[in-house]
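For reference, the structure discussed in these notes is given below.
Values in this text are rule-based calculations from the coordinates and carry no lab data. This is a predicted model, so every value here is computed, not measured. FYI the Cβ positions are ideal-geometry reconstructions off the backbone, even for glycines, and counts take in every protein chain you see.
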2 protein chains.
Amino acid sequence: MRIGDLAATAGMTTKAIRYYESIGVLDEPARTEAGYRSYGPASVERLEFVKQAQASGLTLAEITSILEIKDRGGNSCEHTRGLLKGHLDDLDRKIVDLQRARRELSKMYEGAALLDPAACTDPNRCQVITQSGDGL
Amino acid sequence: MRIGDLAATAGMTTKAIRYYESIGVLDEPARTEAGYRSYGPASVERLEFVKQAQASGLTLAEITSILEIKDRGGNSCEHTRGLLKGHLDDLDRKIVDLQRARRELSKMYEGAALLDPAACTDPNRCQVITQSGDGL
DNA sequence: CCCAAGCTTCCACCCAGCTGGAAGCTTGGG
DNA sequence: CCCAAGCTTCCAGCTGGGTGGAAGCTTGGG
């Protein structure tokens with residue numbers, strides 16, 4: 001199959017596929033006499049794998065390193081587990097940070113509800129921001 | 001104070017400060033006769049606010065929009081509240097997304113612990129990814 | 001045979017949030 | 001008076017994951 005068929009089957013663009021090849025996620029495929037890229041069904045599976053791994057939050061570099069190990073016939077379970085663990089930890093940190101930001105923002109928002117709009121007159125001092133903004 | 005002093009006080013680089021100015025996070029400051037940027041103590045406070053808001057996960061664009069309201073005097077409490085509400089909703093969506101990603105990743109990670117490493121041989125079918133990744 | 005669609009390569013650009021460096025002016029201590 | 005450090009502007013590039021477009025070749029149906 002040619003690159004357009006592969007792209008349609010795997011649900012991505014030909015641009016993305018060439019990009020993946022350029023950064024080493026995909027090997028260089030066989031070519032037709034005219035120089036067109038020629039793919040087999042294994043390429044569809046590989047792209048599905050890439051998509052799933054990507055949806056799980058792995059970067060293309062990490063996906064590439066998993067695929068490289070497996071291409072050499074090696075066992076990549078431990079490697080993969082390590083990568084996943086790292087991502088899990090990243091995610092946990094991000095979630096904690098966002099929840100903290102949410103608390104601060106929420107404090108500002110609730111504070112705004114309690115203010116008397118009539119008191120909002122000094123153009124140099126918005127109470128909503130300055131009151132709760134200190135903690136942000 | 002000049003930009004170097006401000007940078008040292010606020011704990012960032014002069015490059016970052018000029019960058020913030022260029023994208024509108026900071027207003028253009030007064031200049032000395034020689035053209036040097038000249039800052040007052042309020043700039044330190046403003047940069048502290050930026051740093052803290054950034055540490056909480058807000059983007060510079062979001063921080064800028066909050067600061068813009070502050071600059072306009074914030075004399076429209078309702079407008080300010082609306083903006084904060086928007087940020088709050090954004091944050092909630094981000095948190096939900098991350099939590100969903102975390103659940104999926106965790107499922108993959110736990111699944112990986114149960115697999116027999118010897119079974120991990122097919123380069124296109126890593127069980128760690130494909131077993132739990134189906135739901136993605 | 002013709003023409004559009006699809007393929008090739010290459011170069012550029014997008015987002016965010018900066019950083020680095022070049023070329024040239026100003027400031028301050030010895 | 002001199003020189004280094006600090007300031008100015010502008011231009012470039014970095015990461016990640018691609019997209020857009022130009023110029024030119026190939027393929028396939030009418």
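Taking residue B:34 in one copy and the same position in all the others, each labelled 7 Å out along Cα→Cβ, what are the pairwise distances from the first, in nm, shortest first?
6.7
At most 14 other Cβ atoms within 10 Å and a DSSP loop assignment: could you name the chymotrypsin sites (Phe, Trp or Tyr not before Pro) in the range A:1-105 that fit?
Working: sites: A:19, A:20, A:36, A:39, A:49; in loops: A:36, A:39.
For chymotrypsin sites (Phe, Trp or Tyr not before Pro) across the range A:1-105 that sit outside H, G, I, E and B with at most 14 neighbouring Cβ atoms in 10 Å, the list reads A:36.
How far apart, in nm, are the 7 Å Cα→Cβ label points at residue B:21 and residue A:85?
4.8
Suppose you put the label 7 Å out from Cα in the Cβ direction; list, shortest first and in nm with one decimal, how far residue A:23 is from each other copy's label.
Result, one decimal in nm: 2.1.
Can you flag which of A:85/B:94; A:15/B:94; A:51/B:107 are past 19 Å Cα-Cα? Let's see the in-between values first.
Numbers: A:85/B:94 21 Å; A:15/B:94 29 Å; A:51/B:107 17 Å.
Pairs exceeding the cut-off: A:85/B:94; A:15/B:94.
Based on the Cβ-Cβ distance from residue B:65 to residue A:54, what FRET efficiency comes out when R0 is 41 Å, to the nearest 0.05?
Working: r = 31 Å, r/R0 = 0.75.
Efficiency computed from Cβ-Cβ geometry: 0.85.
How about the range A:1-93: which trypsin sites (Lys or Arg not before Pro) there are in a DSSP loop, with at most 16 other Cβ atoms within 10 Å of their Cβ?
Loop-located and lightly packed - A:2, A:72.
Rounded to the nearest 20 debye, what is the charge dipole size of the range B:16-72 about its Cα centre when +1 sits on each Lys and Arg Cβ and -1 on each Asp and Glu Cβ? All intermediate terms of the calculation are to be shown ahead of the outcome.
Details: 7 positive and 9 negative charges, 17 e Å.
Here the range B:16-72 has a charge dipole of around 80 debye.
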